[in-house]
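Bear in mind these aren't lab numbers, they're just calculated from the coordinates by the rules spelled out. Computed from a predicted model, the values in this text were never measured in an experiment. Here the Cβ positions follow ideal geometry from the backbone for every residue, glycine too, while neighbour counts run over all protein chains shown.
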Amino acid sequence: MKPVFMTYTKKDLINLAVCMVLSVLVIPTFITTEYWYTSILIPWLCLALATIGQQIVMGYTGQLALGAAGFMAAGAFAMFNLILRVPDLGFVGSLIVSGLIAAAFGILFGLPSLKVRGIYLMVATLASQFFIIWMIDKFGWFKNYDSSGIITAQDIVILGKPFTTPLAMYFVCLAVTTVLTLLAMNMARGSTGRNWMAVRDMDIAAESMGVSLLRTKVQAFAISAFYCGVAGALFAFCYLKSLEPVAFDIKLSFKILFMCILGGLGTINGAFIGAAFILLFPVLLNAIGNNVFHGAIDATIISSIEQVIFGGLMIIFMIYEPLGMAKLWENIKQKWKTKISSSTNLKSSLGKKT
Amino acid sequence: MVEELLFFMEVLVGGLLAGTMYSLVALGFVLIFKASATFNFSQGAMVFFSVLAFVGFMQDFNIPFVLAFILAALLMVVVGLCTERFVLRPLMNASEDTVLMATIGLGYVLEGLAQAAWGVEVRRLDLGIGDFPVPWIADNLKLFISALDITAGLVAAIMIIGLFLLFKYTKIGLGLRAVADDAGAASSIGIPLKHIMLLVWSAAGVVALVAGCMWGARAGVQFALVDLALKALPVLIIGGFSSIPGAIIGGLIIGAVEKVLEVYIGPFFGGAIEGWAPYVLAIFFLLYRPEGLFGEKIIRRV
C-alpha cells in the first residue's frame, strides 16, 4: 500500500511546534527532580504509546480487544532477547524488530475478529493475553534461564553512547513516541484510517464499498500490536528497568482499556489525555491522603477508592460523554470560540451602528 | 489398565464437578443477558463483592451464618436496585458496546467498594463442607472426589431446575422472556420494565453470592476470584449467551477439558495450561459455532 502523507494545516504545525518546545525545551529546564521523569513522564509516554495501539484497534476500527498488555510483554521480552542474542542490531533496530514480533502475535490473535465481534472478540483476545504471559513464564529460553523470575534489563546504548540517566531515557521515549504518534496521525487521517473507520461504523457497508475486511482488520491488529510491542519494550527498559511477566498481567490491559475509553475513543490526543489522567490521579489521591489526612487513611483504602472513582467515571462518561475527555476538551474549546466570536461580532455590529 | 482408567475417570469427574463452579458464575451472566440483552461484565466482581460482604458480616460483626447470608442477599438486591437506577436506565438506548463498557466500570466500582469496606487480605470461608475426598465414594468406587465439588454440583442442579421452572411456568418468567425479546414491545403491553430489571439483577446477585460461597470455600475469599470469574466467559461462548442449560454444559465442558488437558498434556509444556486452554477452546468454538451450543442464532440486520 502507498503511504499517504497528509498535507498539514497551519494549526497542526503550530500544535506540533508547541508540543515540541514544551517537551524538549521547557520540561528539561524546569523539571529537575528525578521523580518526575522516572515515575511520571517516562511511564506516561510509554503507556500513551500503548494506548494509541489500543485506540487503533478499538477506537478507529471498532474491535473490542482486551489484550494490550500481552502484546506489550511480547515486545518487551523480544527486545531483551534481541539485545542479548543479536547485539549487532542495536537499540533502535531491536526496538523495531520487537515491535514486528508483537505484530505477528497481533495478526495471529486478530484473526478471530474476522468472524466475531463485541464481547465474543473480547474473549478471543483474552486468550492472547493469557497465552503470551504463560508462554514467557514457562519457557526458560525467553528469560535466558534466569531462575529468579525478575531479569534486569540491559542498559540502553545507541550508537555507542549509553542512555542511562532519567533525562536521557526520557528523551529516548520522547523520540520514539513522537515519531510513532506522527505516523499514527498520518495513518488515521489517510486512506488507512478511512478504511478503519468505515469498518468501525458499518462493516457490511464498508465491504460493499470495496473495503477488504480481511485486510483492514488484520492490518489494524498488526499495527496496534506493533505499537503495544514497542511501548512494552520501552516500558520495560526505561521505566521498570526489569522484565517480569507479572508486570504485564490482565490488570495492565484493563488500565490501558480505561485510558483509551476515558481519554476518548477514536482520537490520538485522547490517548495522551487518558494515560495522563490514569497515571496522575492516583498520585494526586495519595498526595491528598498524605497531606490533608496525614496518613490517617490506609494506603490500601486509597487504592480502593481510586478504583471506585475510575469505575464511576467510566459509567458517567458512558452515560454523558461516550467519546471521553478528548471530546470534553473539544466542547470546552468550542464554547470559548463561540463566546469570543459572538462577543466580537456584537462589538463590530455595535460599532457599525454608531 | 484398570488403574489408568480409574485415574482418568477421577480426573474427568473432578473436572466436571469443578466445571459446575464456572457454571454457577456463568448462570448469573446468562440470567441478565436473557432478560435484558446486556453483557454484564461485572458478574465476576459481583461474586467477589457478595461473598466478601457475607464473610465480612460473619467475621467482623459476628452475625450468625444464616442471617449473614440473608443480609448479603439483601445487599445484592440493593446493588441491583442501584445498578438499574444509575447505570442501566440512563443507558436504555445506548449501543451494546457502550453498556458493556459501563458494566466494566461497574465491576471496578464493586471491587473497589468491597476492598474499601472489608480490606484486601484473604479471608477463610468455612461452610462446614470439607474440601477433601468423600470416604464412602473413595472406598466403594475407588474415586477420590471432593465433598465440596459434589455440593457445588448439587447446588448448581437445584438452581438450574429452579430457574428453569421460573422462566418456563410463572408469569414473571413470561414477562422476563417478553422483555428479552423486545423491551419496547413488552413495556407497551404493560410489563413493568423497571421491576423486571430489578428482579433480574437481584436474582443474578444472589446467584453470584452462591457461586462466591462455593469458590470462597475452596480458594479463600480474595481478589483472585475476579480473575477466576473471567473463565465464565469462555463457558458462555461454548454454551451460548442466552441459554441456562448452555451455561451448565459449557461449564462442564470447560471444567473437564481443562483438567484432562492439564493432567495429560500439561506436563509436556511445563504445566499451568489451564490458564489459557479455556480461551483457546472458546476461539475454536467461535470459529465453527459462534452462537454456542444452545444459543439463539445471531442474526444481524443491515
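Per residue of B:232-238, other chain Cβ atoms within 10 Å of the residue Cβ number 3 on average. Of B:Val280, B:Val179, B:Val47, the residue with the greatest mean-square motion in the GNM of chain B, using alpha carbon springs below 10 Å, is B:Val280. Share of pairwise Cα-Cα distances greater than 35 Å in the range A:10-249 is 16 percent (whole percent). The simple spin-label model puts a point 7 Å past each Cα toward its Cβ; for B:Thr98 and A:Asp146 those points are separated by 4.6 nm. Across A:Ile83, A:Ile132, A:Ile309, mean-square fluctuation computed from a Gaussian network of chain A (C-alpha pairs under 10 Å connected) peaks at A:Ile309.
Extension gain, B:Leu154 to B:Ala272: 0.36 nm times the residue separation minus the Cα-Cα distance gives 39.7 nm.
Going by a ≥ b ≥ c, the root eigenvalues of the Cα gyration tensor, does the protein assembly as shown fall in the rounded group (a/c under 1.5), the prolate group (a/b larger than b/c) or the oblate group? Walk me through the intermediate numbers first.
Numbers: a/c = 1.66, a/b = 1.34, b/c = 1.24.
In terms of gyration-tensor shape, prolate.
The largest-to-smallest principal axis extents of the Cα set in the range B:220-302 are 46, 31, 24 Å. For the range A:87-189, the fraction of alpha-carbon pairs lying more than 21 Å apart is 57 percent, rounded to a whole number. Residues of the range B:22-64 with an amide N closer than 19 Å to a point placed 7 Å from the Cα of B:Arg177 along the Cα-to-Cβ direction: B:30-38.
Where a ≥ b ≥ c are the square roots of the eigenvalues of the C-alpha gyration tensor, would you call the range A:232-321 rounded, which needs a/c under 1.5, or, failing that, prolate if a/b is larger than b/c, or oblate? Walk me through the numbers before you get to the answer.
Working: a/c = 1.92, a/b = 1.10, b/c = 1.75.
Here the range A:232-321 falls in the oblate category.
Averaging the sequence gap over all C-alpha pairs within less than 8 Å and six or more residues apart, then dividing by the number of residues, gives the range A:168-310 a relative contact order of 14 percent. Checked against a 21 Å cut-off, the cross-linked pairs A:Lys11/A:Lys217; B:Lys34/B:Lys297; B:Lys171/B:Lys194; A:Lys255/A:Lys335 give Cα-Cα distances beyond that limit for A:Lys11/A:Lys217; A:Lys255/A:Lys335. Across the alpha-carbon set of the range B:164-266, the Rg to Rh ratio works out to 1.08, Rh being the Kirkwood radius.
With a Förster radius of 41 Å, plug the Cβ-Cβ distance of A:Leu89 and B:Val2 into 1/(1 + (r/R0)^6) and report the FRET value to the nearest 0.05. Let's see the in-between values first.
Values: r = 58 Å, r/R0 = 1.40.
Step by step, r from the Cβ atoms, then E = 0.10.
For a quick check: sort A:Met135, A:Met169, A:Met259 by the number of other beta carbons within 10 angstrom, fewest at the front.
Details: A:Met135 19, A:Met169 22, A:Met259 28.
Least crowded to most crowded, the residues run A:Met135, A:Met169, A:Met259.
Other residues whose C-beta falls under 13 angstrom from the C-beta of B:Ala256 contribute a net charge of -4, scoring Lys and Arg +1 and Asp and Glu -1.
If the segment from B:Lys168 to B:Val66 were pulled out straight at 0.36 nm per residue, it would be longer than the present Cα-Cα gap by 33.8 nm.
Averaged over the residues of peptide B:280-286, the number of Cβ atoms from other protein chains lying within 10 Å of each residue's Cβ is 5.
Comparing A:Ile96, A:Ile315, A:Ile340 in a Gaussian network model of chain A, where Cα atoms under 10 Å apart are tied by springs, the biggest mean-square fluctuation is seen for A:Ile340. Rounded to the nearest 0.05, what FRET efficiency is calculated for A:Val157 and B:Leu81 with R0 set to 56 Å and r the Cβ-Cβ distance? E(calc), rounded to 0.05, equals 0.40.
Here's the picture: charge each Lys and Arg Cβ at +1 and each Asp and Glu Cβ at -1 in the protein assembly as shown, and of B:Trp201, A:Gly62, A:Ala299 the one pushed furthest to the positive end of that dipole is A:Gly62. For the segment B:95-101, counting C-beta atoms of other chains within 10 Å of every residue's C-beta and taking the mean gives 5. Distances between placed amide hydrogens fall under 5 Å for A:Ile158 paired with A:Phe163, all partners being 5 or more residues away or on another chain.
Maximal additional length on extending the A:Leu284-A:Trp336 stretch stands at 15.9 nm, based on 0.36 nm per residue less the C-alpha distance. Computed over the range B:2-231, the alpha-carbon pair-distance distribution with 10 angstrom bins reads 8, 31, 32, 20, 8, 2, 0, each value a whole percent.
For the range A:180-295, what percent of Cα pairs sit more than 19 Å apart? Roughly 60 percent, rounded to a whole number. A viscosity of 0.890 mPa s and a temperature of 25 °C, combined with the Kirkwood radius over Cα pairs in Stokes-Einstein, give a translational diffusion coefficient for the range B:21-67 of 204 µm²/s.
The aspartates and glutamates whose alpha-carbon is closer than 18 Å to the alpha-carbon of A:Lys143, local same-chain residues fewer than 8 away aside, are A:Asp155, A:Glu244, A:Asp249. In this structure, the amide hydrogen of A:Ser242, modeled 1.01 Å from its nitrogen in the peptide plane, lies closer than 5 angstrom to those of A:Ala153, counting only residues at least 5 positions away or on a different chain.
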